[in-house]
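Working notes, structure below.
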Amino acid sequence: MQPTIPGAIDEKRIAIEEAVEQVKAGDKQAFREIIIQFERQMYTYCYYILKNHAETEDAVQEIFIRAYENIHQYSRQVSFSAWLYKMAYHHLINMKKKQSRWLKLVEHYKEQQPELQISQHESVVSELLTYLTAEERHILLLKAVEQYTFDEISEIMGIKSATLRKRYERLRRKLIDRTSQKGEVIHGKFAETNGVR
């Protein structure tokens, strides 16, 4: 992660708030600035939940369309970023519900496909994420990757902050237990597996 320059976060937040106000006033082009600021992180967030590039691209586009259509509902009680992630969270939950009946069919299809060559680290991270429930992946990504506070995640997911803290600690223990069972990653380092997986 890149070091932040003091005041840069505030400047970015002010620029986003100004762009939001311009969009609310009818300046459609100002929404482009919002997309530029959030497109990459939104793609990363959605991809780790959906694990499919095409679905992720569609989801990100739909999230931005919904954000544009509902921008008049945004108020500065929360950061625009948290408001956007809340919208993304609910959109992804709805997508996953629709997909649940097809999950077994998709998994069967994936099993039939040849495996892509990916690094050991990527395969370990991917395996650990699939070991988590959808809710746990959301919590982990929002906390560890996007670095939201538990209060902000509470606002995004609609779960009490204290409950989120407990679930986050539980999922951390779950991942630590899983990695020590597999003997692969402990505290960000690969342990020797002696050829056994």
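The values are calculated or read from the model by the stated rules, or taken from the named source; none is laboratory data. Model, not experiment: these values are computed from the prediction. Virtual Cβ from ideal backbone geometry, glycine too; neighbours counted across all protein chains shown. Note: areas computed on protein heavy atoms with side chains; ligands, DNA, RNA excluded. Shrake-Rupley method; radii C 1.70, N 1.55, O 1.52, S 1.80 Å.
Taking the Cβ of LYS12 as the centre, find all other residues whose Cβ is under 12 Å away and add up their charges (Lys, Arg: +1; Asp, Glu: -1). All intermediate terms of the calculation are to be shown ahead of the outcome.
Details: positive: ARG13; negative: ASP10, GLU11, GLU17, GLU18, GLU33.
Surrounding charge for LYS12 is -4.
Provide the gained length on full extension for the span LYS166 to ILE9, in nm with one decimal, where the gain is 0.36 nm per separating residue minus the Cα-Cα distance.
Taking LYS166 through ILE9 to full extension adds about 53.7 nm, to one decimal.
Quick check for you: with a 1.4 Å probe and neighbouring chains kept, what is the accessible area per residue of region 38-92, in Å²?
Numbers: 2770 Å² over 55 residues.
On a per-residue basis, region 38-92 sits at 50 Å².
Using DSSP to define loop residues, name the trypsin sites (Lys or Arg not before Pro) in region 54-98 whose beta-carbon has at most 16 other beta-carbon atoms within 10 Å.
The qualifying sites are ARG76.
If you stretched the chain out fully between GLU21 and GLU57, how much longer would it get, using 0.36 nm times the residue separation minus the C-alpha to C-alpha distance?
Fully extending the segment from GLU21 to GLU57 adds 10.3 nm.
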